[in-house]
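The values are calculated or read from the model by the stated rules, or taken from the named source; none is laboratory data. Keep in mind the model is a prediction, meaning the values are calculated, not measured. As a convention, Cβ positions derive from the backbone with ideal geometry for all residues, glycine included, and neighbour counts pool all protein chains shown. The protein model used for the area step is the full one, side chains on, heavy atoms only, and it has no ligands, DNA or RNA in it. Shrake-Rupley method; radii C 1.70, N 1.55, O 1.52, S 1.80 Å.
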Amino acid sequence: EAAVTQSPRNKVAVTGGKVTLSCNQTNNHNNMYWYRQDTGHGLRLIHYSYGAGSTEKGDIPDGYKASRPSQENFSLILELATPSQTSVYFCASGDANTEVFFGKGTRLTVV
Amino acid sequence: GDSVTQTEGLVTLTKGLPVMLNCTYQTTYSPFLFWYVQHLNEAPKLLLKSSTDNKRTEHQGFYATLHKSSSSFHLQKSSVQLSDSALYFCALEGKLIFGQGTKLSIKP
């Protein structure tokens, strides 16, 4: 089965600090996505990418940056973390009109 | 812009009863719809998908029919089991936008 690996799995960060969440996929998928999941809000799209070097804003990009340096890697960067960014973050990869595969998630707590 | 709406936040049913989870969408493109299921403390996984108008698609006892005339892709099952307790998300291809999700809770 397709593999998407997120690191770290858990992270505690301080307010104002920089946080980088990493995602690696070995499926050779073109598309990669970052979502956050909060109770009552489902999965909300933060950033996505159609290939190496490209990033696009999703529905809630404010406070987040993304980087896609290669086909395999897609990072989510919080330059100045805030408590409102405490959430579970999922990375996913896939191709158009096919199944996307999710990583196991990163639980981020900003204190 | 594109959007997906799931109207039920929580559905609680007794085992053996039928269920329908609602999903409607808005898009200017030809739609490709998905249902994903997320069990507790796990990642979402694909349940079924469709882009064909008025054709029923089935998987693991669940089924759905894409109706472009009403912009709907409701998920149904004729007899729910305890193991069906999970979060269910409807999603729209493109940016891959998800609805808010419906928590299905099955009681013995």
**Message:** Condition (residue is closer than 24 Å to A:L45 by Cβ and either surrounded by 15 or more Cβ atoms within 10 Å (Cβ to Cβ) or touching a Pro at 6+ places or on another chain (Cβ under 6 Å) (or both)) applied to region B:15-22: is it met by at least one residue?
**Reply:** yes
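So that you can scan it fast, the table gives a plain yes or no per residue for (1) closer than 26 Å to A:D95 by Cα; (2) assigned to a strand (DSSP E or B):
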site	(1), (2)
B:V4	yes, yes
B:T12	no, yes
B:L46	yes, yes
B:V80	no, no
**Request:** Test each condition in (1) part of a loop (DSSP other than H, G, I, E, B); (2) within 14 Å of chain A (Cβ to nearest Cβ); (3) open to solvent by 30 Å² or more (accessible area, probe 1.4 Å) for B:T28 and report the one that comes out false.
**Result:** (2)
**Message:** Suppose we filter B:S105, B:S85, B:S79, B:S51 for residues that are open to solvent by less than 70 Å² (accessible area, probe 1.4 Å), out of contact with any strand residue (DSSP E or B) (no Cβ under 6 Å at 6 or more places or on another chain) and modelled with pLDDT of 95 or more; which single one remains?
**Reply:** B:S79
**Message:** Between A:A13, A:A66, which is away from every other protein chain (no Cβ under 14 Å), among the small types (G, A, S) and open to solvent by less than 50 Å² (accessible area, probe 1.4 Å)?
**Reply:** A:A13
**Message:** Tell me whether region A:52-71 contains one or more residues that are over 30 Å from B:S51 (Cβ atoms) and in contact with a Leu (Cβ under 7 Å, 6 or more places away or on another chain).
**Reply:** yes
**Request:** Please identify the pairs in which a residue from region A:17-35 that is of a type in the set (A, V, I, L, M) has its Cβ atom under 8 Å from the Cβ atom of a residue that is in a loop (DSSP other than H, G, I, E, B), counting only partners at least 6 apart or on another chain.
**Result:** A:V19/A:A81; A:L21/A:P8; A:M32/A:R68; A:M32/A:F74
**Request:** Run down B:S105, B:S78, B:S72 and say which single residue is more than 11 Å from chain A (Cβ to nearest Cβ), touching a Cys at 6+ places or on another chain (Cβ under 7 Å) and of a type in the set (G, A, S).
**Result:** B:S72
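Here's the yes/no breakdown for (1) out of contact with any Gly (no Cβ under 7 Å at 6 or more places or on another chain); (2) open to solvent by 50 Å² or more (accessible area, probe 1.4 Å); (3) within 14 Å of chain B (Cβ to nearest Cβ); (4) under 30 Å from B:G9 (Cα atoms):
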| site | (1), (2), (3), (4) |
| --- | --- |
| A:T20 | yes, yes, no, no |
| A:T26 | yes, yes, no, no |
| A:N31 | no, no, yes, yes |
| A:D38 | yes, no, yes, yes |
| A:H47 | no, no, yes, yes |
| A:S54 | yes, no, yes, no |
| A:P83 | yes, yes, no, yes |
| A:S87 | yes, no, no, yes |
**Request:** Starting from region A:36-52, keep only residues that are farther than 13 Å from A:Q85 by Cα and in contact (Cβ under 8 Å) with a residue 12 or more places away in the chain, then list their pairs with residues that are assigned to a loop (DSSP other than H, G, I, E, B) and among the small types (G, A, S) whose Cβ atoms are within a distance under 8 Å, requiring at least 6 positions of separation or different chains.
**Result:** A:L43/B:G101; A:L45/A:G58; A:H47/A:G58; A:Y48/A:G58; A:A52/A:S70
**Request:** Have a look at A:E79, A:E56 and point out the one that is among the acidic types (D, E), in contact with a Phe, Trp or Tyr (Cβ under 9 Å, 6 or more places away or on another chain) and within 23 Å of B:F32 (Cβ to Cβ).
**Result:** A:E56
**Asked** In this structure, is A:S75 touching a Lys or Arg at 6+ places or on another chain (Cβ under 7 Å) and surrounded by 13 or more Cβ atoms within 10 Å (Cβ to Cβ)?
**Response** no
